[in-house]
Every structure is written in structure tokens, then in C-alpha cells.
Amino acid sequence: MTAVGIDGIEIWTGKLSLDLPEEFAPVMDDDPEKYTKGLGLFKSSFPDAYEDIVTMGANAAHRLMERKGIDPKEVGRIDVATESAFDKSKPASTYIAGALEQVLDGVFTHANKGERKFACISGTQALNDAVNWIAAGRNRGRGAIVITTDTALYERGDPGEATQGAGAVAMYVNKDPSIVEISMEQGFGSVDETDFLKPNQQFPSVDGKRSMQVYLARMREALEDFESETGGSHPDDYRFIPFHTPFPNMVRKAAVLGYRHTIRDTELEDTLAEQIGRQPRSEEYDDREAFSEDIQEYMDALSETDMYREWYERAIKPTVDISSRVGNWYTSSVHLARLSALIHANRKGIDLAGETLLVGSYGSGAQAEIHEELVVEGWEDEIDGDAVDTLLNVRHPITFEEYERVHDQHNHSKEKVQEPFTEPDGEFVFDGWGPMNERQYTFIE
Ligand code: HMG
């Protein structure tokens, strides 16, 4: 089987940032620690007046193609995953390809373009589509550009407002990749749910608390499905476990469930039994409520053990660093989690070649998917944490009052009045509407 996976990654962040504990919490009359401790979030990225899903996606893809010297002729596929689309027919990938053609030497005439939709998980679906296309040998030696891009904004006053974000990730998918090979084994958990949706509306209808339960339930089903194919999983099998991260503490909740599940009937459960007993088994209970109480008590005790904490610090914590600084980027979120772990490993000099990642993606509506990725030799040459930090550090900080104005600017039903806060520099910008109501883009040198 040909090794196929991710050969290059670049990101683009919305150019504004809102400090949640300093700017947002006081106006909402919240304790700042609700954000920093309760959700695990410090800042959100926001799009400036001239940014949208196309500018952010094109800017990420442009960085990727320039850095890796990718010629448009080498690209046989451009897929965009987004849940912030502004057109029901013309995919964002055509706008992005058109924008890129303004500045690149070459065109994407023979590249297959599309747009994937399934809430946040569509980013991973687009990645898997690209992998399958190459593994099937239909790529004629070419690679695929997969772009995840969203303006993840909620209605003003919705509790989701705390978890907003905006940005894009561009990945080059190819055979013999330079970062990770993606496994062919996958597990799915997929059920018709109405936890978070946008039925022909710009901002989501969300049942926030239930969405968290749905996330955990679908993730468990995906893990069980994955294990039925691979024959099981053990916490020590994986160096890092990047999850979809709507906010870091969602991952904290998923992690303890995952750990409990994967230590069951292993030597780790036996070792821990001396401190906290063995896990309650549902088959030993007639009363569901008693089982729920006991299992919750076990998990509370488990999350306090040194063994769990060491595992969390090693395998999970490094994955949520970028998320804590940018908020939820929807389709990009799990791809930021992988990148976050790779940057951490690179900075710490961790030798990851030959190590395995377990990647847990999720999209409301609802579906989870789990697969493994094998880190390949030379991965560290592709990972530049300083470049990511530079992008994040030069974001323009906004006050709450400025945040209100920029939120209105991106609200399709309101009059657009906001002047940009930043000067575009070497990037694509939204440049007004054309005669068919199409959005138009220009590259500003
Ligand atoms: P909320 O009502 O604003 O917050 O909603 P809360 O009162 O539940 O507080 C949040 C946490 O902070 C709680 O922790 C509090 O205890 C804690 P928990 O009890 O859950 O462990 N807290 C504090 N901690 C320390 N000091 C304090 C303090 N005060 C409170 N002083 C909610 C939070 C996440 C529900 C809301 O922001 C929301 O609706 N978000 C949008 C939905 C969402 O993100 N869901 C996540 C799962 S679904 C998903 O991931 C899919 C998604 O990405 C979309 C897609 O797939 O396309 C969203």
C-alpha cells in the first residue's frame, strides 16, 4: 500500500484578537477564570473587515505553496471544508483557486475542486478524500491541497460567543509525505442529532450543553468502531492524541473518558486498582443511575491519579496550546491540535519519527471519526512553531466595543460600516461584489 499523508501544513489566522479574561469577561459580568480555567481559552481570533473564508484559505494555501515551492501543475485537487460558506452553488475552492492564480505562475484548470460540509468534521473528511484519491492511484502523480477555513461566529448573546474564532489551515496531501502517513483504518460514530446546526442561517442554533454530551457519545462510538477494526488500543500506543477542540476543556472531558476506556482490562487498570479500585462494569448493575454515579466517582478519582496526570501532560496538553490562543476554528480545529503537538515536540527536541498519533475528529449533527497517523523521518523540517507564533502575536488586539463593531461587520443581515483595523500586507483581501453578486478578491503587495 502506498504511504499517503500530510506533506506540508500552513495556517492563517483572522488578524484581530479579543482577550477573553481582560476584555470579554468584565463586560459579560463573568469571572475571568470561567474562560481561562472553565473553558481553557485566553484569546479568540477574529477576521478584520476585509477578511473572510476565501481570503484566509487563500492566504494559508499561498504560504504553503510558496514555502514548499509547489507548482500549480502538481496540484490535481483543491478541496475546501467550511461551515461558513456564503454560496450554495459555487464552492469556496473556485474562489480560492482564482485568487491564487492572480499571483502564482500557472493555473489550476485541471484540478478537481469541491467543498465539503459536515460541521467541523468536514476538514478531516476532505483530508480522507484526498488520501483515498491518491491511494486509489487516480491522481496522475499529483498532490491535493486541502483547506479548512471558517469564521466561527455565534449570535451575540449566545453562550457560544465565548468560544468563537476565525482562521484557516492549508495542507498538502501527497504520497511519501514529509510529516505523517494516514492509516487506512477508521472508526466512525454517527447519529442524526440536532445539537448544533445552521438551517439556512448565518449563525448556529446551538444546544451547548447537549452538544458536549453528543460529542462524547459519538467519540466513544468512533473509538469502539476503530478498536473493532484494529483489535484494540492502549494509552501507551500513542505519543499524542489530537482531538477536535471547540475549547480546551472539552478535550479534558473527552480525554478522561478515553483513558478510562483504553485502560480497561489492562495492566494499567490493575496498577490503579490499588489506589482507586477497579472500574465499575455496566453489566454488574441493574440500576443505571447507580452505575452512572459510580462511574463518575471512578473518573473523578482517576483524573486525580499521577498516572493519569502524567499521561494527560504528555499526550493531550500539548495539543490544545494553539486552541487556547485562538478559539474554535471549526473545520481547522483538529488540524490545529495536531500542529500544536508537532510544534511542542519540535521545541522539546522529542524524536517523533516512527511514533503514532491517534486523531479524533468531530462534527455536530453529529459524527466522530478516529484514525491513526504515523510520524515520518524528517517531520521536524516541516514544522515551524516560530512562524505560527509570529502570525498569532501580530494580531491586532481589539476592545469589547471594537469587537461589537467587527461582529456586526461580519453579520450578513447588518449594514457594513467598519473600517479595517489593520493594513493588509502581502495577502488576499475581499474587494467588493461583482455584477453577479460574486465576491471579488485582490492580492495586496
Ligand atoms: P456556558 O453556559 O457559558 O458556560 O456554556 P458554563 O457556565 O457551563 O461554564 C463553562 C465551564 O466553566 C464549566 O465547566 C464551569 O463549571 C466553569 P464544567 O462544569 O463544564 O467542567 N466555570 C468556572 N471555572 C473556574 N472558575 C470560574 C468558573 N465559572 C464557570 N469562575 C458552552 C459553555 C461550552 C456550553 C458554551 O460556550 C457553548 O454553547 N459553546 C458552543 C457549543 C460548543 O462549543 N460545544 C462543544 C461540543 S460540540 C462541538 O465541538 C462542535 C462544534 O465545534 C461545531 C461543529 O462541529 O461544527 C461546536
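Which numbered condition in (1) outside any helix (DSSP H, G or I); (2) surrounded by 23 or more Cβ atoms within 10 Å (Cβ to Cβ); (3) out of contact with any Asp or Glu (no Cβ under 9 Å at 6 or more places or on another chain) is the only one that Gly57 fails?
The one condition Gly57 does not meet is (1).
Just to be sure before I move on: is Leu358 open to solvent by less than 20 Å² (accessible area, probe 1.4 Å) and not in a loop (DSSP other than H, G, I, E, B) in the structure I sent?
Here the answer is yes, as Leu358 does meet what is asked.
Limited to the stretch 82-133, what total is found for residues that are outside any helix (DSSP H, G or I) and of a type in the set (Phe, Trp, Tyr)?
So the count comes out to 3.
What number of residues within the stretch 267-293 are assigned to a helix (DSSP H, G or I), within 24 Å of His234 (Cβ to Cβ) and open to solvent by 60 Å² or more (accessible area, probe 1.4 Å)?
Going through the stretch 267-293 one residue at a time, the tally reaches 7.
Looking only at residues in the stretch 412-445 that are in contact (Cβ under 8 Å) with a residue 40 or more places away in the chain and β-branched (Val, Ile, Thr), which one is farthest from Glu66 (Cα to Cα)?
For the stretch 412-445, the residue satisfying everything is Thr422.
From the set of residues in the stretch 237-258 that are without any contact (Cβ under 8 Å) to a residue 60 or more places away in the chain and surrounded by fewer than 23 Cβ atoms within 10 Å (Cβ to Cβ), which is nearest to Glu310 (Cα to Cα)?
Only one residue tops the list, namely Val256.
Looking at Ala119, Ala111, Ala135 in this structure, which one is in contact with a strand residue (DSSP E or B) (Cβ under 6 Å, 6 or more places away or on another chain), touching a residue at least 12 places away in the same chain (Cβ under 8 Å) and surrounded by 22 or more Cβ atoms within 10 Å (Cβ to Cβ)?
Ala119
Of the residues in the stretch 306-324, how many are surrounded by 16 or more Cβ atoms within 10 Å (Cβ to Cβ) and either acidic (Asp, Glu) or not in a helix (DSSP H, G or I) (or both)?
Qualifying residue count, the stretch 306-324: 1.
Scan Asp225, Asp207 and give me the residue that is under 22 Å from Thr124 (Cα atoms) and touching a strand residue (DSSP E or B) at 6+ places or on another chain (Cβ under 8 Å).
After ruling out the rest, the residue left standing is Asp225.
Here's a check for you: in the stretch 147-203, which residue that is in a loop (DSSP other than H, G, I, E, B) and of a type in the set (D, E, K, R) is nearest to Glu23 (Cα to Cα)?
Looking at the filtered set, the residue picked out is Arg156.
Condition check ((1) buried (at least 21 other Cβ atoms within 10 Å of the Cβ); (2) farther than 30 Å from Arg63 by Cα; (3) within 14 Å of the ligand (Cβ to nearest atom)) across all residues:
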site	(1), (2), (3)
Ala166	yes, no, yes
Val169	yes, no, no
Leu197	no, yes, yes
Gln213	no, yes, yes
Met219	yes, yes, yes
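Can you tell me how many residues in the stretch 11-39 are farther than 22 Å from His371 by Cβ, assigned to a strand (DSSP E or B) and open to solvent by less than 30 Å² (accessible area, probe 1.4 Å)?
Counting residues in the stretch 11-39 that are farther than 22 Å from His371 by Cβ, assigned to a strand (DSSP E or B) and open to solvent by less than 30 Å² (accessible area, probe 1.4 Å) gives 5.
The values are calculated or read from the model by the stated rules, or taken from the named source; none is laboratory data. Here the structure is a predicted model, which is why all the values come from computation and not from measurement. All Cβ positions, glycine included, derive from the backbone under ideal geometry; neighbour counts span all protein chains shown. Areas reflect the complete protein model, heavy atoms only, side chains present, ligands, DNA and RNA absent. Shrake-Rupley method; radii C 1.70, N 1.55, O 1.52, S 1.80 Å.
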